[in-house]
Each structure stands twice: as C-alpha cells, then as structure tokens.
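Report on the following structure.
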Amino acid sequence: MSQVHLEVSGKIAELKLDNPAKLNALTVGMMDQLAAHLDTIEQSDVACVLLTAEGDRAFCTGADINAWGDLSPAAFARRWVRDGHRLFDRLARLAKPTIAVLGGHAFGGGLELASACDIRVMAPKATLALPEAGVGIVPGWSGTQRLARLLPEPVIKEMALFGRRLSAERAFALGFIAEISDDPHAAALAIAEKVGTLSQRATEIAKFMIHAGAGEDQAAMIEALGSAAIAASADRDEGVAAFREKRKPEFPGI
C-alpha cells in the first residue's frame, strides 16, 4: 500500500508522507514512491508543489531504523545513502517551486528532506534536529552539505554534535523558515496559490539561476540555462531543419 500520495488540484500538487504510526519515518518503499511521483510532477503543468505529512506530531523523523539497521556497510553506503542522495537531489532540482509543510517535528532525514525544498512553513510547536549521533551514525542525506548552505555552521554543529533541537522561532530568525503558522498547510497553500499566478517559465529559470549562484549542482544549472536559451533561438530551428532536410545549415547572424 502506498505511503506517499500525490494529489493535484488545479496548479498545485501535494505530496503527502503517510506513515504516521512511525512518525512518517522513511522506508525504501516510500523513497521509491516519492521518486516516481517526482517524475510525474516534472512532466506536468503544475505551478507549485507542497510536501506534507499525515498527522501533526511529526513531519518526518528521518529514516526508519528497521530499513537500514541490518544492512552491511557496503549496502548501507550504496543502497541507502547514495540512493537517498539521488532522491533528495531530484527534489531539490525539481523545476517547480516546492514548499515543505512542517506541521510537526523534522528530524534527521526528515530535516534533510525539508531542506531539499525551496522554502519551509512551520508550526510553532515543531522542532528541527539532527539526532543521528544518538544511534551511532552521521547525517547522510545532505545534512552536513546542503543544510550547511542554509544554516550557519555553529547552528548545524549544535544539532549534529551536541544534540540540540532548533525551535521554529529560531529557525525563522535564521531565515530557514519562511513563515510560522498555527495552520502551516493553509499558509503554504496561500503561498502556492500566488505562485500559480506567476509565469511558470520565469520561476523555473529564476530557480535555476539561484541554484547556480548558491552552488546547488552549479554545472548542471548553468548548462540547463544555456540550453534553454539556445533552444529558443533561430539557430536551433535552422540546425534541426537542416538535419532533417539533409542540407548544410545556414545560421542567421547575431
């Protein structure tokens, strides 16, 4: 049974984690389902994506220990960490604007998942944490990498080295949270509806430009921007036409 649901309403897509009995902890199956839904969203005409979770206790408390606890070191590194990285990178580089709706706590992989979204809306009672050291591991899905571009180094060290939680108020003050709301879903929905009135092409290009500047897969972002520009040119049209007509292309001047 699916534990990650995709619902589309107009220009807004909602991805919902649905494993409340385990505080929405991620399993291999959930990660596979999330990856498949991201592929569907990328090919759709939705303007914005909400990443939500069932229940109000936790957005996601990370990876289900039962899913990785018995893996060999090689399998843990390959199947769990590397595959997880590919999924989180896929979310971070989605062409659509994304909003993480943190109605409850986001720990470990759950915080890393939220970090892969463009912005985050959080409930006042929710907290953020990197508790991996308590079970003898380290953050493995960009908690020491992407998160380091979003939060000051001393703050990440507080969480990863000293086990301290980050409150909604402090996360907002640090710019990690866009808004604190008693109803984070409604607040995120209002933001998403505004996105639906904007140029989707402009928001996509702006996202790629920001990512290139911030170092989020900079090489791929630069090539995507350049490819988009040349694809809209007369040169591309002439090159394709000449290839199909088996003739030498005659490119227009600048």
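Descriptive notes on the structure:
- Restricting the stretch 115-146 to residues that are in contact with a Leu (Cβ under 7 Å, 6 or more places away or on another chain) and of a type in the set (Ser, Thr, Tyr) leaves a set whose member that is farthest from residue 212 (Cα to Cα) is 127.
- Residue 142 vs. criteria in a loop (DSSP other than H, G, I, E, B), in contact with a Phe, Trp or Tyr (Cβ under 7 Å, 6 or more places away or on another chain) and among the small types (Gly, Ala, Ser): yes
- Hey, residue 220 touching a residue at least 12 places away in the same chain (Cβ under 8 Å) and surrounded by fewer than 16 Cβ atoms within 10 Å (Cβ to Cβ) or not: yes
- Yes/no for residue 170 being basic (Lys, Arg) and closer than 25 Å to residue 17 by Cβ: yes
- Whichever residue in the stretch 206-242 is among the polar types (S, T, N, Q) and modelled with pLDDT under 85 and, among such residues, is nearest to the chain's Cα centre (by Cα): 218
- Residues in the stretch 197-250 that are of a type in the set (S, T, N, Q) and assigned to a loop (DSSP other than H, G, I, E, B): 197, 199, 233.
- Note on the stretch 148-166: residues that are closer than 16 Å to residue 115 by Cα and part of a loop (DSSP other than H, G, I, E, B) amount to 4.
- The set of residues from the stretch 12-35 being in contact with a Ser or Thr (Cβ under 9 Å, 6 or more places away or on another chain) and in a loop (DSSP other than H, G, I, E, B) comprises 18, 19, 23, 24, 25.
- Residue 181, sole failed condition from (1) over 29 Å from residue 152 (Cβ atoms); (2) modelled with pLDDT of 95 or more: (1)
- Tally, over the stretch 167-191, of residues that are part of a helix (DSSP H, G or I), surrounded by 13 or more Cβ atoms within 10 Å (Cβ to Cβ) and either among the charged types (D, E, K, R) or outside the structural domain of residue 105 (by TED's automatic domain parsing) (or both): 1
- Verdict on residue 220 being assigned by TED's automatic domain parsing to the domain that holds residue 112 and among the small types (Gly, Ala, Ser): no
- Subset of the stretch 33-72 (residues that are surrounded by fewer than 22 Cβ atoms within 10 Å (Cβ to Cβ) and on the phi > 0 side of the Ramachandran plot): 55
- Residue satisfying all of: in the stretch 152-163; in contact (Cβ under 8 Å) with a residue 24 or more places away in the chain and surrounded by fewer than 19 Cβ atoms within 10 Å (Cβ to Cβ); nearest to residue 58 (Cα to Cα) among these: 163
- Count - residues of the stretch 37-69 that are out of contact with any Gly (no Cβ under 7 Å at 6 or more places or on another chain) and more than 18 Å from residue 97 (Cα to Cα): 7
- Candidate set from the stretch 126-143 (those that are more than 14 Å from residue 158 (Cβ to Cβ), aliphatic (A, V, I, L, M) and touching a residue at least 24 places away in the same chain (Cβ under 8 Å)); member that is surrounded by the fewest Cβ atoms within 10 Å (Cβ to Cβ): 135
The values are calculated or read from the model by the stated rules, or taken from the named source; none is laboratory data. On a predicted model such as this, the values are computed, not experimentally measured, just so you know. Note that we place each Cβ from the backbone using ideal geometry, even for glycine, and neighbour counts take in every protein chain shown.
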